[in-house]
1. Only helical DSSP H runs with n ≥ 4 go in: add -39500 (n - 2.57) per run for the chain, normalise by residue count and round the 222 nm mean residue ellipticity to 500 deg cm²/dmol.
2. Hey, any idea what the orientation-averaged projected area of the convex hull of the chain's Cα atoms comes to, in nm²?
3. Once you charge only the Cβ atoms, +1 for Lys and Arg and -1 for Asp and Glu, what is the size of the charge dipole of the chain about its Cα centre, to the nearest 20 debye?
4. Based on the alpha-carbon gyration tensor of segment 85-150 and its eigenvalue square roots a ≥ b ≥ c, which shape applies: rounded if a/c is under 1.5, prolate if not and a/b is larger than b/c, or oblate?
5. Cα gyration tensor of segment 37-176, axes a ≥ b ≥ c as square roots of the eigenvalues: rounded (a/c below 1.5), prolate (a/b > b/c) or oblate?
6. Take the alpha carbon gyration tensor of segment 116-159, find the square roots of its eigenvalues, order them as a ≥ b ≥ c, and report rounded if a/c is under 1.5; if not, report prolate when a/b exceeds b/c, else oblate.
7. Non-local amide H neighbours of R27 (under 5 Å, H modeled in plane, Pro and chain starts lacking H): which ones?
8. Tabulate in residue order the Karplus-calculated ³J(HN,Hα) for segment 122-139, using 6.51 cos²θ - 1.76 cosθ + 1.60 with θ = phi - 60°, rounded to whole Hz; enter x for Gly and Pro.
Amino acid sequence: MLSSFNKSTIIMSEDLRDALDCMFDARVPRLWLRPSWPSASLGFWFSELLERSLQLRGWISSGRPDTFWLTGFFNPQGFLTAMRQETTRSNLTRGWALDTVTLSNNVTKMMKEDVVAPPPEEVGGVYIYGLFLDGAGWDRRGTKLCEAPPKVLFSPLPVVHVFAISSANMADSKLPPGGGGGAADSKLPPGGGGGAVSLYSCPVYKKPRRTDLNFIFFLQLRSLQPPQHWTLRGAALLCDCK
């Protein structure tokens, strides 16, 4: 490119000047940000580009994957809406309508490497991974929130089973929301300990900057503390902790 500038075969525009300056400073050029996503550095952006491409190419060549990397979607809300539509179509004979279908979830005890099959057909939904807890930790054995370990800023969350339920037919729901009752954990005790278990509506964001533009949806996480405890902690889930 620089040799083309020297030969005057390419005119130095404002966008090209900005791109060269940004690459020199390891920042993502503004021209690249318009059709893509923000990132802390050009290196992180390029690594994420390769990972996103790997997920999509694998989906195309090998068929629907068992788990989905939520961070790898430019529009994760659209992906979740498509899952709701898919579940609604498969339950039309039971009177389900898209307007009454909402999202529910179960946090499993599996990590990405442990998943060997998609969610059971009678429940549907998708397995997602790649989420990090900020302001809290996760008790994997008890499938519930806990205090973050000392000097640990972000705690990885196990694979989450996100599925759709009909608010007009709550009796049709196969699983309770939260965790410890997923299909992969159907033989496990639901609580993992004594005490009353509550649900914390944990917001999920694309990036560490918590704005409405980065908000995706809420996940229901089990806790022995009341939801206000985690609200005061500022507990949230991030798709990207860089």
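The values are calculated or read from the model by the stated rules, or taken from the named source; none is laboratory data. All values derive from a computational prediction rather than experimental measurement. As a convention, Cβ positions derive from the backbone with ideal geometry for all residues, glycine included, and neighbour counts pool all protein chains shown. Heads up: the accessible areas ignore ligands, DNA and RNA and are worked out on the full protein's heavy atoms, side chains in. Shrake-Rupley method; radii C 1.70, N 1.55, O 1.52, S 1.80 Å.
1. -8000 deg cm²/dmol
2. Numbers: hull surface 68.1 nm².
It is 17.0 nm².
3. 200 debye
4. Cα axes put segment 85-150 in the prolate bin.
5. It is oblate, given that a/c is not under 1.5 and a/b is not larger than b/c.
6. Taking the square roots of the gyration eigenvalues as a ≥ b ≥ c, segment 116-159 is prolate.
7. Under 5 Å from the amide H of R27 lie the amide H atoms of L42, each far enough along the sequence or on another chain.
8. Coupling constants for segment 122-139: 5, 9, x, x, 9, 9, 10, 9, x, 9, 10, 7, 10, x, 7, x, 10, 8 Hz.
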